[in-house]
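For reference, the structure is listed below as structure tokens.
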Amino acid sequence: VTDVLQSALADKKRHQDLNEAFAAIGCGEGPSTVMVQWPVSRIQEQIRLAAPQYELPLSFLSEELTSKLLDAQRCAAMALEEALESAGGDSMDALQSLEDLESLARYDGRLLPRGDPLRFQRPVDTPRHAAKDWDHLMDDAIEAQRCLKEMLAQGSTWARQVMNDQEHPAPWSDERQWQSTASDLAPNAIHRDPGLKDWHKAFEKAKKKQRRYEANPSMHEITDMSRLSISFAHLSDLYTGVKRLQDRMDLVWLDNHFRHPNVLGQRYILLGVRLQLPVRPGRERDTTIKRQHISEIRLEWAPLMDAQRQSEARLLDDLRLFLTNFRVLPQHFDQVLGALQAALPCSDGHVVLQAVEELSRAAEYYREKNKELNMMGQMLAEELLDELADQALLIGVAEDWVMQLLEVCPDLNSKRALRNRRVALVNEVAWLLTDNYSGVTFENMLSSLLDDVSVLGRDHMGRVCLHERWAEVEPFCQSFPKRWQDVKVGIGMGEGLREHCEEIVRQDAALCEEELDLLGEAKDLSLELVLLCARSSADLLVISLLQFLLARGSAEASSSMTSTSTSGLASAAQWAREANGISEETYCVVFEFLSWATFENQICQAFLNGTGPDFLKVFSEALKAGSLIRRSASAESSSSGQGGGGGSLSGGMPGDGSGSNSHESTGSSVLSRCVAAWQASGLPFACRLLKEHRQVALPMALALLTSGRPESRAAIAEALTDYDSIEPDWRMKVVQAGALPILQNMLAGGRSEGRCVYAALLALRSLSAEPSTRPLVCEAGAISPCAELALSSAHGQDVSYLALSILNFLASNSENDTEAIREHGLKVDSVGRVKKK
């Protein structure tokens, strides 16, 4: 089909009508490609249900698998063409006759053509044996095999010979075969008896058919316990055989795969034959009492058989190789492949038909077992039927047919109607208030904004914010619908939302009175209304939070936060808390976020304008706590295999969010995380100020140098004394601010802080190169750690050479310093150059 359609697209003049149809559905203009759309998601889910321990990626299913399937189908089509060409004669006419033959199934006991599942929404009668226990089933299968062979090959030795064991005679032994003549039911064909189905395979197949509500595997639904295959050399004989068998035997179904080839492109006909067998209460069968048994007959065209089996074998080998690559164990191949093959042909129509059959099966089971169910069993049965009915309606099964099937359960249709009216009322309320954000989980949206501030934008000072085009970046472009993407600073999108909810609550009182008059019992919708208020309050909170962040990131807004957005956010959070629109944790996180943002402002102001000792102490303590948090997060991520959450908000806040105690309880947790996160984005801002020689930034910079993260300390150390563009008096300001002891302490870092050691050496080299600060470096005791680093190879050659460079500067300071360098095991030559001995 795809090849024909693709050729029609390529030759528009020849296929004008078809291309007009293409144009009508919007694919007539420009290049178009026709391809099969496989149900890969359903296949993946089916495999997951059958073998939960394996997860086959969609990429494999949509690319590798479909490619192999298309290859198998093309091979099958080529094999058919070659077979027809070799057969010649009336083979084409016989094939056309076979393709015109409709598949049949029983509906309410009548053998009818299989209908289009999307239009012919009726359940096919489930083929079942009358015998349900294994002993009787096997006894009937043995008798059915004998009767079936006798019907096809009356009086032959082959018909009398018992070959129920699959191994004796050998599977492909001539003893298992019988050649018919033109006068037999299946003319001029090789009849083959493969033996009865293996018990273990039958049991596994029955287990797959068993539903969750059924107590035992459905052994009486295994219809291929007794089976035969018939191979024809000529298509005309195959067609004649089908028609004769259809007339002479009691068929339960006829699956014509010449008309509808299977997913591998294979063509054959499968018949279900119903036999009425005498019951054997003792050693002899009672011919007056009969029991139904179903057998299967497979009709094949010999020229196609070998090609089809080879194609199937190649495909299965390829699939097993793929499964091996995805670490599927060999003992699970059949389990995974079985699920895959079951899901492959699931078109939309098949899914509809399956939904009808599942509901019909459950209803029939309930009809048989309802008298045995207790009150709890009745309730569970109703829930199951209700669930299956909802699934059937969701897929597209006609409501009238669903209601007809549910009549087996008393009052279930009435209960469903009552529930549906209640749902309709809730849907009406939801439509009035949630038309623009239906299906949105506000907790997730708030979490995407607050749980990890690293996903938010940053201004040039490293503060969290949202910029004007925030909705175009990840993750917001995916998680925020357009309604929230249009939020602007100063535009009150959430105005009147709370008042609207209160009006809906008042309307509910009138609706409850109507429900009382209709049903005799008022159905309280308070839970639905609570949910409605909760969603609306969460909606308002999201809008307020966006406006708050946009106000911080707006160039036109003030440098900190506008009082309007701050108060609006606090008010929205309070209503969301009262309406249970957010969790208590989220409520606390919103206020913690305000503390976070405020502290960021204070940090940036301290770098720009200087700060007093009180804030410097708070900043230093937060840096130290942030380092502990980072080490803890690293340890957790190492143990769990996941990244740490250094940018997340945590901790708690008292319920009212006011008073000094609230700030104190939040500070140590939130502020430390704020500093830990700010260092990653605000560090360039701090380094830029240092390179601009802003003296007011030195106290905060030295606090970072003392207690910041290793990468922060290294960056600050490098920025303190830029070797190329430094002003003459800047080095003295750095020393006077107290940098020397801190830099010297950094030299004692281990291998894990090698960059800190290197950066500290760079700063000390710059200070040592300046004559005015060189004596101060010596007085600070830098010779000893530098000498140790020069002699050690623990940090690498670069650190060792850099330490020697510093000592070269310090050796020129005084004879005492030169002698101190020699005492540490280094050589100083006559011109003051320091070398290793």
>> What do you get for the angle between helix 526-553 and the principal long axis of the chain? Use alpha-carbon atoms, 0 to 90 degrees, nearest ten.
In response: 40
> Size of the range 329-417 along its principal axes in angstrom, Cα-based, largest extent first?
Replying inline: 48, 30, 17
>> Please list 523, 208 from largest to smallest accessible area, probe radius 1.4 Å, with all protein chains kept in place.
In response: 208, 523
> With axes computed from alpha carbons, what is the tilt in degrees of helix 235-248 against the longest principal axis of the chain, rounded to the nearest 10 within 0 to 90?
Replying inline: 70
> How large is the dipole of the chain about the Cα centre if only Lys and Arg carry +1 and Asp and Glu carry -1, each at its Cβ, rounded to the nearest 20 debye?
Replying inline: 2200
> Taking a quarter of the surface of the Cα convex hull of the range 298-347, what do you get in nm²?
Replying inline: 4.7
> Tell me, what is a quarter of the convex hull surface for the C-alpha atoms of the range 718-837, in nm² with one decimal?
Replying inline: 6.8
> Of all the accessible heavy-atom surface of the chain, with the other protein chains kept in place and a 1.4 Å probe, what percent is carbon and sulfur?
Replying inline: 51
>> I'd like the accessible area for residue 125: 1.4 Å probe, protein heavy atoms, all chains in place, Å² to the nearest 10.
In response: 50
> Dipole of the range 61-173, Cα-centred, from +1 at each Lys and Arg C-beta and -1 at each Asp and Glu C-beta, to the nearest 20 debye?
Replying inline: 480
> If the cut-off is 18 Å between C-alpha atoms, which lysines fall inside it for residue 835, apart from same-chain ones fewer than 8 positions away?
Replying inline: 827
> Which order do 318, 193, 400 take when ranked by solvent-accessible area (1.4 Å probe, heavy atoms of all protein chains), largest first?
Replying inline: 400, 318, 193
> Using all Cα-Cα distances in the range 148-262, what percent lands in each 10 angstrom bin from 0 up to the longest?
Replying inline: 12, 35, 34, 15, 3
> Given the convex hull of the Cα atoms of the chain, what is a quarter of its surface area in nm²?
Replying inline: 55.9
>> At a 10 angstrom cut-off on C-beta neighbours, averaged per residue, how do the peptides 217-230, 440-453 rank from highest to lowest?
In response: 217-230, 440-453
> Which whole-number percent is the relative contact order of the chain (Cα, under 8 Å, 6+ apart)?
Replying inline: 8
>> Checking the cross-link filter: which aspartates and glutamates have an alpha carbon closer than 17 Å to that of residue 523, excluding same-chain neighbours under 8 positions apart?
In response: 428, 508, 513, 514, 515
>> Sorting check: for 240-252, 587-599, 305-317, which peptide has the highest mean count of neighbouring beta carbons within 10 Å, and how do the rest follow?
In response: 587-599, 240-252, 305-317
> Placing +1 at every Lys and Arg Cβ and -1 at every Asp and Glu Cβ, with all other atoms neutral, what dipole size does the range 755-832 have around its Cα centre, in debye to the nearest 20?
Replying inline: 240
> Angle, helix 91-100 long axis vs. longest principal axis of the chain, Cα atoms, 0 to 90°, nearest 10?
Replying inline: 80
> If eta is 1.002 mPa s and T is 20 °C, what Stokes-Einstein diffusion coefficient results for the range 97-213, Kirkwood Rh from Cα pairs, in µm²/s?
Replying inline: 123
>> Just to confirm, what accessible area per residue do you get for the chain at 1.4 Å probe, in whole Å²?
In response: 51
> By a straight-distance test (C-alpha under 16 Å), which lysines pair with residue 205 as possible cross-link partners, with residues fewer than eight away in the same chain excluded?
Replying inline: 132, 197
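The values are calculated or read from the model by the stated rules, or taken from the named source; none is laboratory data. Because the structure is predicted, anything quoted here is derived from the model rather than measured. Cβ coordinates were reconstructed from backbone atoms using ideal geometry, including for glycine residues, and neighbour counts include every protein chain displayed. Surface areas here come from the heavy atoms of the whole protein model, side chains and all, with no ligands, DNA or RNA. Shrake-Rupley method; radii C 1.70, N 1.55, O 1.52, S 1.80 Å.
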